[in-house]
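J.: Supplied in structure tokens, the structure appears directly below.
The values are calculated or read from the model by the stated rules, or taken from the named source; none is laboratory data. Treat the numbers as computed from the prediction; the structure is a model and nothing was measured. Cβ placement follows ideal geometry from the backbone for every residue including glycine, while neighbour counts extend to all protein chains displayed.
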Amino acid sequence: MTILETRNLIKRFGGVHAVDHLSIEVEKGRINGIIGPNGSGKTTLINLLSGMLAMDGGEIIIDDVQKFTQMFPHQVFFYGIARTFQNVRLFEQMTVLDNILVILTKRNVFSSLFEKHTEYHLKKAEEVLQRVDLWKKKNQLAINLSYGQRKLLEIARALVTDAEIYLLDESFTGLFPEMRKIVSNIICELKQENKTVILIEHDMGLIRELCDYIFVMNEGKLLVEGKPNYVLEGKEVIEAYLGK
């Protein structure tokens, strides 16, 4: 079953096509890798899918029913999409716990700070922070976390939305091995829960290990798609990364 589709998706920056008439279909319950050389349009695609950038053409289709020629962040949340960023985005002057509670309660930052949280909210927050091994850090300000812990907190913020589709933009970059293991386990657990993951990653070992299916982008276009062993050993992919 296709859960997310793009049809002739376009994004231009000046005269450059960052995403150039891109059409892909993402199957539900699958871990999907998006790979390609730097500047191939991977993060631009995630920004379009998450409503962070306006499309210049084409459409995005969710569950084969909802069709969008423009996506906005509030729509993305409503239709069950969550994401992480290459450059971590947290409420730095809030505690680790409050960074989760503000998402759980769907309040703005100031309302969340002064809200009396329910036992349900606190239980859910503890569950997700235990999942990323940050519960012991719950009272620390986010700004005081290490780089890897900040990335784990951002993943926790995505997880607590209980989305159907997770867009993970280089979530492994800069992590120590034990943290990479945590993220790998979370991605595999999401698949077991029949959630859909779209993963941008440069580590081909991780792509081969985790992904069920891969889309390769180059110069904003879909170069090739398929199962990891087929795609990663293809001549087109090798040339795209290493040059002809």
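J.: Considering Gln93, Gln75, which residue is more than 15 Å from the chain's Cα centre (by Cα) and either of a type in the set (A, V, I, L, M) or part of a loop (DSSP other than H, G, I, E, B) (or both)?
T.: Gln93
J.: Does Glu170 meet the test of being out of contact with any Gly (no Cβ under 8 Å at 6 or more places or on another chain) and without any contact (Cβ under 8 Å) to a residue 12 or more places away in the chain?
T.: no
J.: Among the residues of segment 183-203, is there at least one that is closer than 20 Å to Lys28 by Cα, touching a strand residue (DSSP E or B) at 6+ places or on another chain (Cβ under 6 Å), β-branched (Val, Ile, Thr) and at pLDDT below 95?
T.: Within segment 183-203, none of the residues are closer than 20 Å to Lys28 by Cα, touching a strand residue (DSSP E or B) at 6+ places or on another chain (Cβ under 6 Å), β-branched (Val, Ile, Thr) and at pLDDT below 95.
J.: Of all residues in segment 105-119, which are at pLDDT 60 or above and either surrounded by 20 or more Cβ atoms within 10 Å (Cβ to Cβ) or over 26 Å from the mean Cα position of the chain (by Cα) (or both)?
T.: Those that are at pLDDT 60 or above and either surrounded by 20 or more Cβ atoms within 10 Å (Cβ to Cβ) or over 26 Å from the mean Cα position of the chain (by Cα) (or both): Thr118, Glu119.
J.: Another question, then. Give the number of residues within segment 113-166 that are in contact (Cβ under 8 Å) with a residue 60 or more places away in the chain, in contact with a helix residue (DSSP H, G or I) (Cβ under 8 Å, 6 or more places away or on another chain) and closer than 15 Å to Asp98 by Cβ.
T.: Result for segment 113-166: 4.
J.: Now, a different point. Within the set of pairs 6 or more residues apart or between chains, which connect a residue that is among the aromatic types (Phe, Trp, Tyr) inside segment 53-68 to a residue that is assigned to a loop (DSSP other than H, G, I, E, B) with Cβ atoms less than 8 Å apart?
T.: Correct list of pairs: empty, since none qualify.
J.: Does Tyr79 count as farther than 30 Å from Glu25 by Cα and either modelled with pLDDT under 95 or charged (D, E, K, R) (or both)?
T.: no
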